[in-house]
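Report on the structure given below.
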Amino acid sequence: FQFRNRRNMTDIPQEIDVLSEENEKLRYQVFCKTSGCTEVVSAVYAPCGHLINCSKCANALKYCPCCHTEVKKVIQVNLK
Ligand SMILES: [Zn+2]
Ligand SMILES: [Zn+2]
């Protein structure tokens, strides 16, 4: 699988350029996983380290919605 993937990348370099650019954008615009929330992800849970919610939702939660680890601290992150 890995080999096929790598070969495709060299076969169509232009398309990959566009795709990786798009990918880059997506990486920096991840939306809060709370259903109905349209905020951009901006808080990381400690100690589990999950980056899945906006700071508004994160501060309201006692447990990480992803792994259910107790949230000891919410760290604000700036993705820009
Ligand atoms: Zn949210
Ligand atoms: Zn977690």
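The values are calculated or read from the model by the stated rules, or taken from the named source; none is laboratory data. Worth saying up front: this structure is predicted, and the values here are computed from it rather than measured. Backbone-built Cβ (ideal geometry, glycine too); neighbour counts: all protein chains shown.
Observations, loosely collected:
- Residues (within 15 Å of the chain's Cα centre (by Cα) and within 13 Å of ligand 1 (Cβ to nearest atom)) located in segment 58-75: A58, P65
- Taking every residue in segment 65-80 that is farther than 12 Å from V44 by Cα and pairing it with any residue that is of a type in the set (K, R) and modelled with pLDDT of 95 or more, at least 6 positions away or on another chain, the pairs with Cβ-Cβ distances below 9 Å are E70/K62.
- Residues that are surrounded by 11 or more Cβ atoms within 10 Å (Cβ to Cβ), assigned to a loop (DSSP other than H, G, I, E, B) and near ligand 2 (Cβ under 9 Å from one of its atoms) within segment 52-80 comprise I52, C64, P65, C66, C67, T69, V71, listed in sequence order.
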